[in-house]
Every structure is written in structure tokens, then in C-alpha cells.
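Take a look at the structure below.
The values are calculated or read from the model by the stated rules, or taken from the named source; none is laboratory data. Just so it is clear, the model here is predicted, and its values are computed rather than measured. Heads up, the Cβs are rebuilt from the backbone with ideal geometry, glycines too, and the neighbour counts pull from every protein chain shown. Heads up: the accessible areas ignore ligands, DNA and RNA and are worked out on the full protein's heavy atoms, side chains in. Shrake-Rupley method; radii C 1.70, N 1.55, O 1.52, S 1.80 Å.
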Amino acid sequence: MSILAANSQILSREIYQRYQQQQLWNNGSCLFSPKNSRYFGSDWKDRKWKNKIVRSREWRVQALWPDLSRPSAIEMEPINDSDHLDQILARARQLSQPIIIDWMAAWCRKCIYLKPKLEKLAAEFDTKIKFYYVDVNKVPQALVKRGNISKMPTIQLWKDGEMKEEVIGGHKAWLVTEEVRQMIKKFV
């Protein structure tokens, strides 16, 4: 693996200085760990640049890149009315796949804060389950009654055309996402 840098002397000087401090360098994208070898570098001593061969250690670079083959978040699809919900449930029944429905409102602060966290969770379970949301102020009240919604945000897991389990998310978002994750693992 090779390293691309604007100036190799700067990179080697930086590595040498970090080695002298006996630290590992981790800037979020690379981790340097030493092994025996030598490299050519520049050193700043007595207010002068001095080029010299530095006998130290070989620097092995291990990239810590994120997995770009999978998305980090998947936008949830909206459900607009009862007919749309019926179509989604029929498609899920054909695939024998559960779905998650987030019942929320645009004015609900906890709902707004929870939505991106659920979209990240949707990316985690991308092939196993689909995530949808319903804005209760924009849909007919018959749909809200069908979901038996009394508090928001409410996250429900539907399987085989009926609601199997729900999490009412009035507490911290990380707790809600963990509860939803456990709920999904039960049915997937």
C-alpha cells in the first residue's frame, strides 16, 4: 500500500517526530505502527533543515476507511393513506418480510430527532426489513386510528398484515433505537 502526500519529506518528518515521541498517529483515516527499517527524511534542527538517512522503523499503514459498499443511512418512505398502507402490507406479506412504521408529527421535537437515527438503523437492516413513516397531521385520521396511535413517536413492527410489537419513544433516542433493534431481531 502506498501513501500519497503533497511532499514526501513532510510526511517522513512527521512520522519521524511522532516516532521520537513514541506515539501512534491516528487522524481518523490512517494508523501508523512501527517495524524495523530505514527511510530518508528531513529534520529541523538549530533552525536549519538537514536531510539525512534516518535509521528507525518501518511504518506500516493500515487504512481505517468506512465500508462504502453499504449506505450509512436510508431515507424512510412516507405512507400517505390507508390504501398505500394496504399496498405496503401486501408487498411485505408476499416477501414474508416485516416492516417498521414510525408514527410521528412535524411539530414533535423527539420525533424529528429520532428520524435520522432510525434511518441509520434502516441502513443496518437494509435487506431484511423496510422502514416507513407516517406524519399523523398529513394523513386521514382513519389511518391513525388503524395504527391505534395515542402517543408520539410510536414505532411499530408489522408482520403478516398486523401489528406485532411497538415501542413508544418518549425517552432518549439511543434507548429507543436499541429497543427497536431488539424488536427487529426478534422477528427477523
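Pairing each residue of region 104-122 that is farther than 13 Å from residue 151 by Cβ with any residue that is polar (S, T, N, Q) and surrounded by fewer than 18 Cβ atoms within 10 Å (Cβ to Cβ), provided the two are 6+ apart or on different chains, yields C-beta distances under 7 Å for 106/137; 120/72.
Is it the case that residue 129 is over 19 Å from the mean Cα position of the chain (by Cα) and of a type in the set (Val, Ile, Thr)? Here the answer is no, as residue 129 does not meet what is asked.
Listed by first and then second residue, the pairs linking a residue in region 154-174 that is charged (D, E, K, R) to a residue that is open to solvent by less than 50 Å² (accessible area, probe 1.4 Å), with Cβ atoms under 7 Å apart and 6 or more places separating them unless they lie on different chains, are 159/98; 164/157; 164/158; 165/157; 165/183; 166/154; 166/155; 166/156. The sole residue among 166, 179 that is outside any strand (DSSP E or B) and either modelled with pLDDT of 95 or more or open to solvent by 50 Å² or more (accessible area, probe 1.4 Å) (or both) is 179.
Scan region 98-157 for residues that are on the phi > 0 side of the Ramachandran plot and small (Gly, Ala, Ser) and the total you get is 0.
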